[in-house]
1. Could you pull out every residue, at least 5 positions away or on a different chain, whose amide H is within less than 5 Å of the one on Gln385? Hs are placed 1.01 Å off N in the peptide plane, and Pro or chain starts have none.
2. What is the Å³ per residue value for the convex hull set by the Cα atoms of the range 152-200?
3. How much of the accessible area of the range 242-393, in percent, comes from carbon and sulfur atoms when a 1.4 Å probe is used?
4. What length, rounded to one decimal in nm, is gained on full extension from Glu276 through to Ser134, with 0.36 nm per residue of separation minus their alpha-carbon distance?
5. Before I look further, what does the range 266-314 give for accessible area per residue, probe 1.4 Å, in whole square angstrom?
6. Short version: ³J(HN,Hα) in whole Hz for each residue of the range 345-356, in order, from phi by Karplus 6.51 cos²θ - 1.76 cosθ + 1.60 (θ = phi - 60°), x for Gly and Pro, what are they?
7. I'd like the trypsin sites (Lys or Arg not before Pro) in the range 355-393 restricted to DSSP loop residues with at most 13 other Cβ atoms within 10 Å, sorted by number.
8. Apply the Karplus parameterisation 6.51 cos²θ - 1.76 cosθ + 1.60, with θ equal to phi minus 60°, to every residue of the range 125-142 and state each ³J(HN,Hα) to the nearest whole Hz, in sequence, with x for glycine and proline.
Amino acid sequence: MQQLLSPTIPYPSPLFPPKHHLSLRDRFSFHTPPKMASFSGFLAKPQMGITAAGDGANGISSLMDYVGKGGVDVGDDLVVLLYHIQFACKRIAALVASPFNSALGKHSALTAAAASDRDKPKPLDIVANEIMLSALRNSGKVSVMASEEDDAPIWINDDGPFAVVLDPLDGSRNIDASIPTGTIFGIYNRLAELDNQPVEDKALLNSLQSGTKLVAAGYVLYSSATILCASFGSGTHAFTLDHSTGDFILTHPSIRIPPRGQIYSVNDARYFDWPEGLRQYIDTVRQGKGKYPKKYSARYICSLVADFHRTLLYGGIAMNPRDHLRLVYEANPLSFLAEQAGGKGSNGKSRILSIQPVKLHQRLPLFLGSSEDIDELESYGNVQQKVNPGYEV
Ligand SMILES: O=P(O)(O)OC[C@H]1O[C@](O)(COP(=O)(O)O)[C@@H](O)[C@@H]1O
């Protein structure tokens, strides 16, 4: 598999690994964004409001400009870490779009024992996990990485100031059909008070921090555009990859989820496994009989990052009412982004970020989206699906 991937993927130069002999400043500024004139269509985009922080001389702000000293200045350590994360995600984006995916897909179809084995990592999940691990290692800024793909957190570096939780490639079961996928990450400060504990203990406890302690979180959507959406604790901002330069360009500053949407996003083939409250809620809003007297529409990609991204921009609720999605590296980072955009993340009863994780791979029902829609949904009381038979597709 590695033979198929590494040597044959033609990376354009901006995707090559950072040159370690360059100074920090050089490393973050050697891809000067082209002049606005070459970004046809950007100026016409209503979302393209450039904030004061991180404006380039030509009115364009890249992710690295935005987070650096001339921008919101998240601190050198976090800037370095973000540099390595966005670099890794560009590699994953190239991999997901690679012609060799079909070969990998066939391989995964042959080796996946049965449909009931669907949680088994596919090869691309594993490759994405390795890319993220090596990026976090190379950053020198990470003490521990906790990933969906690993049973236990991996201790990397005693001095790394951050603990990173992540799902390296969510939605990968869709990959053979070129349906969008995504990477999700959350960043915490390392808990220095645990430094003298045994490695296994401190690795786990650093990874099980409450979502309220997140320093930053984000996702990268691999779709018709590659979009890195992140929050560093002051708003949620999205940056779109310009393939010609390799820069993530600020395209959606300070996203606000509309307080009401008109879209619900759920796998509604499970309707007869839902509790009464959830059925009533969905029946009500699709008839236009809810507090917002409009008929709602359904959208469901079955790829968490893509469903959440749409919800962030258009409003409504993206939900998975059964115990399926994971608190630590899916629900918490996305709830942080939702809240930073004025929305909510709930388990159907209470705020996600306030739930203390007790297990790395803990699952829970997840409802993300517009604040008024989430409030209305919660008012139905009984919206968490308890029947969870292990669906085959
Ligand atoms: O089968 P369901 O309940 O519709 O779940 C779909 C969800 O599962 C995911 O595919 C993640 O599940 P996996 O970790 O098993 O891949 C999400 O991307 C998606 O939102």
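1. Correct list: Arg322.
2. Numbers: hull volume 4.1 nm³, N = 49.
Spread over its residues, the Cα hull of the range 152-200 gives 83 Å³ apiece.
3. On the way: 2920 of 5980 Å².
It is 49 percent, rounded to a whole number.
4. Numbers: separation 142, 0.36 × 142 = 51.12 nm, distance 4.64 nm.
Length difference between fully extended and current span is 46.5 nm.
5. Working: 2450 Å² over 49 residues.
Accessible area per residue, the range 266-314: 50 Å².
6. x, 9, 9, x, 10, 8, 5, 4, 4, 8, 7, 7
7. Details: sites: Lys359, Arg363, Lys386; in loops: Lys359, Lys386.
Those that pass, being in a loop and sparsely packed, are Lys359, Lys386.
8. 4, 5, 5, 4, 5, 5, 4, 5, 4, 5, 5, 5, 4, 5, 5, x, 10, 10
The values are calculated or read from the model by the stated rules, or taken from the named source; none is laboratory data. Since the model is a prediction, treat every value here as computed from it, not as a measurement. Note: ideal-geometry Cβ built from the backbone for every residue, glycine included; neighbour counts use all protein chains shown. What goes into the accessible areas is simple: the full protein's heavy atoms, side chains included, and nothing from ligands, DNA or RNA. Shrake-Rupley method; radii C 1.70, N 1.55, O 1.52, S 1.80 Å.
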